[in-house]
Amino acid sequence: MTCTCKVPKNPDIRISLPAICFVWQIAMIILFGLFVRYDDESDAHWSEHKHKNNITSDIENDFYYRYPSFQDVHVMIFVGFGFLMTFLKRYSFGGVGFNFLIAAFGLQWALLMQGWFHSLDPNDVKVDFCIYIINADFCVAGCLIAYGALLGKVSPVQLMVLTLFGITLFAVEEYIILNVLHVRDAGGSMVIHTFGAYYGLTISWILYRPKLDHSKNLSGSVYHSDVFAMIGTLFLWMYWPSFNSAIADHGDGQHRAAINTYLALAASVLTTFAISSLSAKKGKLDMVHIQNATLAGGVAMGTAAEFMISPYGSLIVGFVCGIISTFGYLVITPFMEKYLKIQDTCGIHNLHAMPGVLGGVVGAITAATASESVYGHEGLVNTFDFEGNYAKRTPATQGGFQAAGLCVALAFGIVGGAIVGFILRLPCCWGDPSDENCFDDEVYWEVPEDEESIPPILEYSSHMVGKNTDMMSQSNYTVEQS
């Protein structure tokens, strides 16, 4: 006789989650009321600003130039990252739902943090698309990457705390890298991907679960969950050129960033398919590789996106990334879990950490080898912003600072992740799941009892196919009778 009783779902977040959401949102309202204002291009005094600065048309408002890129990045954050995390068979609600929660909170906190660091007047944070709105999504991306390592193993309360500290660390790290060191990193290979990945991996290491194999039956995917995750992959893949070029310099820099990313992504797809097929006995493809490693070229091209790396150089970067990322899923992830005690649910080490570091190295080498014969004098100055205090900086020196920026990103990710990890380990009302209940939506969500594994659209399709089959059978029977 088999036991049909279910393991009790132990966490109770009825008080802690509403409390943290209400308190922090009220805090955002107060802080925005005290510090945040519209910038000149979104304020009602825009007409006066136009006359004062000899602007002849509303089309010169930066909104019309930046908003298309902002839309693409926004879709990547909420749809791309969200659906990419729905691959677990019983954690689709948590993947896309908690992605939604921490992104909505994170972008508000990011607007404040970036405004305080970048504004000349910390008491008057101006909100504009050019700097803060798009960069707020970039901040959130770093925390969503970290979430990938912890998917299914932490509570929404822990995720909110992770985001609060993650955004704060990101703002400080970004300011040091981009403003103090004057590093170029338009697509965030270092600032976003390297930091976010090692931040999440370090927290996962601190929160190691020795009995996680008790939830092993839920840690995999099923057919339809992989299909939904592939939707996230395709959204990310299509919009990644916008991600890397969104805040690049107007004109040729932004144009070049989109082209280089476009080519790197295409190359990484082919090598991912190749390595995935070679790794299987009969050449069968693994959907995990296709969902993730095909995006690695976009990650690695982030730093050098607006540089003169040349089209074939972009293809080489994508070619290499597809190989190392797929190899990571095959070899490095199991090694890290077995010997380093790092449980990486989504494999962010392979998609973000290694390609992010490679992108930082490629950016440093490309910057160090830049010359006027390739860029032209004015092009060299514009690409690396060799103006003002940096007018005498040489490409070789810039390459050294690019490498230093990579070290800063690694340090902030690892040290910051260790601090936050220890905070999340403190005995508190986190409401985190037990090892037996990881990767299960029933812990935090109301899951329909009559829906086990088939999504509505597939269930409806199966019903219609069955109905049509019955109708055809009845028709054939009538013909035979006639």
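Within the bounds of the range 298-309, is there any residue that is more than 24 Å from T366 (Cα to Cα), modelled with pLDDT of 95 or more and either part of a helix (DSSP H, G or I) or open to solvent by 60 Å² or more (accessible area, probe 1.4 Å) (or both)?
no
Could you please give the count of residues in the range 222-234 that are within 30 Å of G188 (Cα to Cα), open to solvent by 10 Å² or more (accessible area, probe 1.4 Å) and either assigned to a loop (DSSP other than H, G, I, E, B) or not β-branched (V, I, T) (or both)?
Residues flagged as within 30 Å of G188 (Cα to Cα), open to solvent by 10 Å² or more (accessible area, probe 1.4 Å) and either assigned to a loop (DSSP other than H, G, I, E, B) or not β-branched (V, I, T) (or both) within the range 222-234 amount to 4.
Looking only at the range 355-380, which residues are within 25 Å of A391 (Cβ to Cβ) and hydrophobic (A, V, I, L, M, F, W, C)?
Result: A364, I365, A367, A368, A370, V374, L380.
Hey, can you tell me all the residues within the range 42-73 that are touching an Asp or Glu at 6+ places or on another chain (Cβ under 6 Å) and closer than 29 Å to I102 by Cα?
D62, V73
Identify, from the list F243, F195, the residue that is over 23 Å from Q343 (Cα atoms) and within 14 Å of the chain's Cα centre (by Cα).
Details: F195 fails: over 23 Å from Q343 (Cα atoms).
Of F243, F195, the one residue that is over 23 Å from Q343 (Cα atoms) and within 14 Å of the chain's Cα centre (by Cα) is F243.
Tell me which residues, restricted to the range 280-294, are open to solvent by less than 50 Å² (accessible area, probe 1.4 Å), hydrophobic (A, V, I, L, M, F, W, C) and either part of a helix (DSSP H, G or I) or under 21 Å from T345 (Cβ atoms) (or both).
I290, A293
Name the single residue that is farthest from the chain's Cα centre (by Cα) among those in the range 143-185 being surrounded by 24 or more Cβ atoms within 10 Å (Cβ to Cβ) and within 20 Å of R66 (Cβ to Cβ).
Here the answer is R184.
Just to be sure, is F386 in contact (Cβ under 8 Å) with a residue 60 or more places away in the chain and either over 16 Å from G188 (Cβ atoms) or in contact with a Leu (Cβ under 8 Å, 6 or more places away or on another chain) (or both)?
No, not satisfied.
Condition check ((1) in a helix (DSSP H, G or I); (2) under 22 Å from G302 (Cβ atoms); (3) open to solvent by less than 20 Å² (accessible area, probe 1.4 Å)) across all residues:
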{"residue": "I342", "(1), (2), (3)": "no, no, no"}
{"residue": "T383", "(1), (2), (3)": "yes, yes, yes"}
{"residue": "N389", "(1), (2), (3)": "yes, no, no"}
{"residue": "K392", "(1), (2), (3)": "no, no, no"}
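Filter the range 280-303 for residues that are in contact (Cβ under 8 Å) with a residue 60 or more places away in the chain and in contact with a Cys (Cβ under 6 Å, 6 or more places away or on another chain) and give the result.
A300
With respect to A370, is the statement that it is over 20 Å from I145 (Cα atoms), hydrophobic (A, V, I, L, M, F, W, C), part of a loop (DSSP other than H, G, I, E, B) and open to solvent by less than 30 Å² (accessible area, probe 1.4 Å) true?
On the way: over 20 Å from I145 (Cα atoms): yes; hydrophobic (A, V, I, L, M, F, W, C): yes; part of a loop (DSSP other than H, G, I, E, B): yes; open to solvent by less than 30 Å² (accessible area, probe 1.4 Å): yes.
Criteria met by A370.
Checking the structure you have, find out if any residue of the range 347-363 is closer than 23 Å to M76 by Cβ, open to solvent by 50 Å² or more (accessible area, probe 1.4 Å), among the β-branched types (V, I, T) and in contact (Cβ under 8 Å) with a residue 40 or more places away in the chain.
no
Starting from the range 66-85, take each residue that is assigned to a helix (DSSP H, G or I) and list its partners that are open to solvent by 20 Å² or more (accessible area, probe 1.4 Å) and at pLDDT below 95, counting only C-beta distances under 7 angstrom and pairs at least six apart or across chains.
R66/F129; R66/C130; Y67/F129; F70/F129; F70/I133
For I332, which of the numbered conditions (1) touching a residue at least 40 places away in the same chain (Cβ under 8 Å); (2) farther than 23 Å from L263 by Cβ fails to hold?
(1)
Could you figure out which of (1) open to solvent by 40 Å² or more (accessible area, probe 1.4 Å); (2) touching a Ser or Thr at 6+ places or on another chain (Cβ under 9 Å); (3) at pLDDT 95 or above isn't true of F22?
It fails just one condition, (2).
Among the residues that make up the range 124-142, is at least one of them part of a loop (DSSP other than H, G, I, E, B), farther than 30 Å from K341 by Cβ and either open to solvent by 10 Å² or more (accessible area, probe 1.4 Å) or modelled with pLDDT under 95 (or both)? It would help to see each step written out before you state the result.
We begin by selecting, within the range 124-142, every residue part of a loop (DSSP other than H, G, I, E, B); these are 124, 128.
From the residues that got through so far, the ones that are farther than 30 Å from K341 by Cβ too are 124, 128.
After this cut, where a residue has to be either open to solvent by 10 Å² or more (accessible area, probe 1.4 Å) or modelled with pLDDT under 95 (or both) as well, the list is 124, 128.
Within the range 124-142, one or more residues are part of a loop (DSSP other than H, G, I, E, B), farther than 30 Å from K341 by Cβ and either open to solvent by 10 Å² or more (accessible area, probe 1.4 Å) or modelled with pLDDT under 95 (or both).
Go through the range 164-186 residue by residue and tally those that are touching a Leu at 6+ places or on another chain (Cβ under 8 Å) and over 22 Å from A364 (Cα atoms).
0
Give me the residue from the range 196-215 that is open to solvent by 10 Å² or more (accessible area, probe 1.4 Å) and among the aromatic types (F, W, Y) and, out of that set, farthest from F81 (Cα to Cα).
Y208
Quick check: anything in the range 256-279 of a type in the set (A, V, I, L, M, F, W, C), surrounded by fewer than 23 Cβ atoms within 10 Å (Cβ to Cβ) and without any contact (Cβ under 8 Å) to a residue 12 or more places away in the chain?
Yes, some residue in the range 256-279 is of a type in the set (A, V, I, L, M, F, W, C), surrounded by fewer than 23 Cβ atoms within 10 Å (Cβ to Cβ) and without any contact (Cβ under 8 Å) to a residue 12 or more places away in the chain.
Only one of these is on the phi < 0 side of the Ramachandran plot and at pLDDT 90 or above: F83, F35. Name it. Show your work before the answer.
Working: F35 fails: at pLDDT 90 or above.
Of F83, F35, the one residue that is on the phi < 0 side of the Ramachandran plot and at pLDDT 90 or above is F83.
Say whether the condition of being under 18 Å from V361 (Cα atoms), touching a residue at least 24 places away in the same chain (Cβ under 8 Å) and not hydrophobic (A, V, I, L, M, F, W, C) is met by at least one residue in the range 427-434. Before you say what the answer is, go through the steps one by one.
Quick first cut of the range 427-434, residues under 18 Å from V361 (Cα atoms) only: none.
No, the range 427-434 contains no residue that is under 18 Å from V361 (Cα atoms), touching a residue at least 24 places away in the same chain (Cβ under 8 Å) and not hydrophobic (A, V, I, L, M, F, W, C).
Of all residues in the range 235-251, how many are surrounded by fewer than 16 Cβ atoms within 10 Å (Cβ to Cβ) and assigned to a helix (DSSP H, G or I)?
So the count comes out to 1.
Hey, among the residues in the range 58-102 that are more than 28 Å from P448 (Cβ to Cβ) and buried (at least 23 other Cβ atoms within 10 Å of the Cβ), which one's nearest to the chain's Cα centre (by Cα)?
Here the residue is M76.
Given the conditions (1) assigned to a loop (DSSP other than H, G, I, E, B); (2) open to solvent by less than 40 Å² (accessible area, probe 1.4 Å); (3) within 25 Å of G97 (Cα to Cα), and given that L424 satisfies all but one, which numbered condition is not satisfied?
(1)
The values are calculated or read from the model by the stated rules, or taken from the named source; none is laboratory data. Model, not experiment: these values are computed from the prediction. As a convention, Cβ positions derive from the backbone with ideal geometry for all residues, glycine included, and neighbour counts pool all protein chains shown. Ligands, DNA and RNA are stripped out before the accessible areas are found, and what is left, the full protein with its side chains, is counted by its heavy atoms. Shrake-Rupley method; radii C 1.70, N 1.55, O 1.52, S 1.80 Å.
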